[in-house]
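One structure is given here, and the rest of the page talks about it.
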Amino acid sequence: MTQAPELSLVLWTNDIRGLARFLEAVAGLQVETIHPGYASLFAGAAHVTLHADEAAKGHPWFDALACEGVARGIGAELRFRVPAVEACYRTALRLGGLAIEAPCEVDGTRECQVMGPDGYVLTLWEATQPTA
């Protein structure tokens with residue numbers, strides 16, 4: 001029996017394939033499976049599940065998520081360590097991501113922020129100083 005990951009996130013989206021491919025190309029997540037209403041991805045040992053709206057019927061968020069233009073990711077920041085911040089930032093912008101903060105130095109890291117599909121904010125970072 002495989003042990004369940006210590007961290008698992010569920011992200012609601014109206015474009016399973018689009019969000020999965022964005023996370024894969026920009027943040028390096030590994031896509032395990034994609035179906036019309038569901039996707040399973042991994043960020044290292046963390047598990048990320050994408051669910052489509054139709055899976056949310058009866059959920060208290062269903063009506064709020066149906067509003068056009070809603071930023072589903074509002075209030076959340078997803079942080080991913082990446083091998084090269086500048087390259088990932090350019091990929092995010094090429095794929096339609098919105099620049100929030102261009103790559104810059106922050107306390108021994110190089111990082112940037114982009115908003116991806118459905119309003120999810122991604123902070124992409126890499127260490128610029130050796131970690132202890």
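Annotations
- Against the criterion of being modelled with pLDDT under 95, surrounded by 12 or more Cβ atoms within 10 Å (Cβ to Cβ) and among the charged types (D, E, K, R), residue 15 qualifies.
- So residue 94, is it without any contact (Cβ under 8 Å) to a residue 40 or more places away in the chain and under 16 Å from residue 20 (Cα atoms): yes
- Listed by first and then second residue, the pairs with beta-carbon distance under 8 Å, at least 6 apart or on different chains, first residue in segment 16-41 and on the phi > 0 side of the Ramachandran plot, second surrounded by 15 or more Cβ atoms within 10 Å (Cβ to Cβ) and part of a loop (DSSP other than H, G, I, E, B), are 28/82.
- Residue count for segment 20-42, restricted to those that are farther than 21 Å from residue 89 by Cβ and of a type in the set (D, E, K, R): 1.
- Residues that are modelled with pLDDT of 90 or more and under 18 Å from residue 15 (Cα atoms), drawn from segment 43-77: 48, 49, 50
The values are calculated or read from the model by the stated rules, or taken from the named source; none is laboratory data. In this text, all values refer to a predicted model and were calculated from it rather than measured experimentally. Methodologically, a virtual Cβ is constructed for each residue, glycine included, from the backbone with ideal geometry; neighbour enumeration extends over all protein chains shown.
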